[in-house]
Amino acid sequence: MTLPGLAPSGHSPGASGDVLLRALEARVIPLPEETSMSSPHRNTPAPVLEHEHATGLLILTVTGELDATTAPLLRRHLAGNLPDHTVIDLSRVTFLGVAGLQVLEAAALAGHERRRLALVTSSPTDLRILRLFGLDVRVTVYPRLSDAIRAISSQVS
């Protein structure tokens, strides 16, 4: 079964998607002290990587656990004046907790008012959680970052 916004699993990204990915400039945003507490299951805190794309597209890549300890960092990245299009890449998330889900939910609600939001994940567990809470209906979910960039870039052009 394919969820809305997901391409068939056999689809491979094209050359234009590869070029777009190479065009990204990334900078690592370290966790502030108040959110750097480690859970007993985490070796290092999960950073959020922020990529700015030339077409007015912000990509936030979350790595590690997105839980009560790290969700406030993602919330801060989503606050304020953002571009018209934001993609949250969850493909490197190892655990999606309730606090992380609440941040995604708030971003989805704010997205309808101010900007378009998309998520990236192919994790069956994350997809199931997004489906259970109805986020897959309100936000387009892509299996790969290159798919999200290609789709959004075609909307912006």
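The values are calculated or read from the model by the stated rules, or taken from the named source; none is laboratory data. Computed from a predicted model, the values in this text were never measured in an experiment. Heads up, the Cβs are rebuilt from the backbone with ideal geometry, glycines too, and the neighbour counts pull from every protein chain shown. Only protein heavy atoms, including side chains, enter the accessible area calculation; ligands, DNA and RNA are left aside. Shrake-Rupley method; radii C 1.70, N 1.55, O 1.52, S 1.80 Å.
Accessible surface ranking for Thr69, Thr121, 1.4 angstrom probe, highest first: Thr69, Thr121. Relative protection proxy for 122-134, 82-94, from highest mean packing down: 82-94, 122-134 (other beta-carbon atoms within 10 angstrom). Taking 7 Å steps out from each Cα toward its Cβ at Arg76 and Phe95 produces label points 2.1 nm apart. Summing Cβ point charges (Lys, Arg +1; Asp, Glu -1) relative to the Cα centre of the range 83-140 gives a dipole of roughly 40 debye.
If I stretch the segment between Glu105 and Arg138 completely, what's the gain in nm (0.36 nm per residue apart, minus their alpha carbon distance), one decimal?
Taking 0.36 nm per residue and subtracting the Cα distance, the gain is 11.0 nm.
The residue among Ile129, Ser146, Val103 whose Cα reaches farthest toward the positive pole of the charge dipole of the range 98-146, with charges on the beta-carbon of Lys, Arg, Asp and Glu, is Ser146.
Close amide H pairs (under 5 Å, H built 1.01 Å from N) link Phe133 with no residue at least 5 positions away or on another chain.
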